[in-house]
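Notes follow once the structure below has been shown.
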Amino acid sequence: MQLQDILYSQGFGTRRICAGLIQQGLVSIAESTPTDAALDVDPQGLRFRVQGVEWEYHAPAYLMLHKPAGTECSQKPSTYPSIYTLLSAPLRQRPQKGAVQGVQAVGRLDQDTTGLLLLTDDGKFIHRLNSPRHHVPKVYEVTTRHPIDETQVRRLLQGVVLDDDPQPVRAAACEAVQPHHLRLTLTEGKYHQVKRMLSAVGNRVEGLHRSRIGSLELPADLLPGQWRWLTPTQVDALRGSGEGAAGAK
Ligand code: URA
């Protein structure tokens, strides 16, 4: 693959800008600084530097972000900064089918929710993880205003009715870890679902943190605001989580 196309595919700008970066000696691979924009390079596993920024070739991109509180998952946030400002610029400029699209969040978390968020430019992956049909489990650590009692846990497991839907929604798992700390596993993602479920059983969410999606746990050393590439093993495991996973590639 031509070096200029590699840079372009990773979001370093238009083909012309990418060619210019190479010709000006601003791109290096290991110890060399090629200036031929059309140089043929194997992109698999390629590490390079663009204007001092270390980059690893990924096509497509799959990453996890530790979403901090006070950020919105929208590209055009209304009140708080967008989570997209926490990502490296190339991730926001990745081309897709000729247009600049960048990576997209796999579902959304509320502005005050913290924790694990996945982002990718693989539309099928987003669809698979978001689809209610696949029941991918998501684990939330909930801090509650009032102590959690047995009745609340039982009702959350049996199902509660939310205002906009006659079908009850239930937790796949629910455990009172401490009097004010509930661990809740959901396999769907309705709007404000955890907050509305807790309110339906007479409690209230004071803090919400997503600790796991499918088999992927938020790493303890990934601090709020930091992101990291997913490994191919993690991507495969996520594709295989939930129901009806066989052949879901
Ligand atoms: N449920 C909520 O209420 N908020 C979130 O951010 C995620 C799940």
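The values are calculated or read from the model by the stated rules, or taken from the named source; none is laboratory data. This one's a predicted model, so the numbers in the text were calculated from it and none came from an experiment. Positions of Cβ are generated from backbone atoms using ideal geometry, with glycine treated the same way; all protein chains shown enter the neighbour counts. SASA here: full protein model, heavy atoms, side chains in, ligands and nucleic acids out. Shrake-Rupley method; radii C 1.70, N 1.55, O 1.52, S 1.80 Å.
Here are some notes:
- Failed criterion for Glu150 (all others in (1) open to solvent by 50 Å² or more (accessible area, probe 1.4 Å); (2) within 16 Å of the ligand (Cβ to nearest atom) hold): (2)
- Condition check for Arg154: of a type outside the set (A, V, I, L, M) and without any contact (Cβ under 8 Å) to a residue 24 or more places away in the chain: yes
- Checklist (1) open to solvent by less than 50 Å² (accessible area, probe 1.4 Å); (2) in contact with a Gly (Cβ under 6 Å, 6 or more places away or on another chain) applied to His135, failing item: (1)
- The set of residues in region 21-51 that are assigned to a helix (DSSP H, G or I) and exposed (fewer than 15 other Cβ atoms within 10 Å of the Cβ) contains only Gln23.
- Close contacts from region 1-15, counting a first residue that is assigned by TED's automatic domain parsing to the domain that holds Asp40 and surrounded by fewer than 20 Cβ atoms within 10 Å (Cβ to Cβ) and a second that is modelled with pLDDT of 95 or more and part of a helix (DSSP H, G or I), with Cβ to Cβ under 7 Å and a gap of 6+ residues or different chains, come to Arg15/Gln4; Arg15/Tyr8.
- Where a residue in region 89-102 is among the β-branched types (Val, Ile, Thr) and its partner, wherever it lies, is surrounded by 12 or more Cβ atoms within 10 Å (Cβ to Cβ), with Cβ under 6 Å and at least six apart: Val100/Gln93
- Filter pass, Leu156 being surrounded by 17 or more Cβ atoms within 10 Å (Cβ to Cβ) and in a helix (DSSP H, G or I): yes
- Among residues of region 164-189 that are under 18 Å from Arg210 (Cβ atoms), those with a beta-carbon under 6 Å from a residue that is among the small types (Gly, Ala, Ser) and part of a strand (DSSP E or B) at least six positions away or on a different chain give the pairs Leu182/Ala176; Thr185/Ala173.
- Leading residue by the ranking (farthest from Asp5 (Cα to Cα)) among those in region 66-119 that are charged (D, E, K, R) and open to solvent by 20 Å² or more (accessible area, probe 1.4 Å): Asp112
Results for (1) assigned to a loop (DSSP other than H, G, I, E, B); (2) among the charged types (D, E, K, R); (3) closer than 21 Å to Leu218 by Cα, shown as yes or no for each residue.
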site: Pro77; (1), (2), (3): yes, no, no
site: Tyr84; (1), (2), (3): no, no, yes
site: Asp112; (1), (2), (3): yes, yes, yes
site: Val139; (1), (2), (3): no, no, yes
site: Thr143; (1), (2), (3): no, no, yes
site: Pro147; (1), (2), (3): yes, no, no
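- Taking region 172-229 as the region of interest, the strands (runs of 3 or more DSSP E) fully inside it that hold 2 or more residues being more than 16 Å from the ligand (Cβ to nearest atom) and open to solvent by 50 Å² or more (accessible area, probe 1.4 Å) are 173-178, 227-229.
- Within region 170-191, tally of residues that are in contact with an Asp or Glu (Cβ under 7 Å, 6 or more places away or on another chain) and at pLDDT below 95: 0
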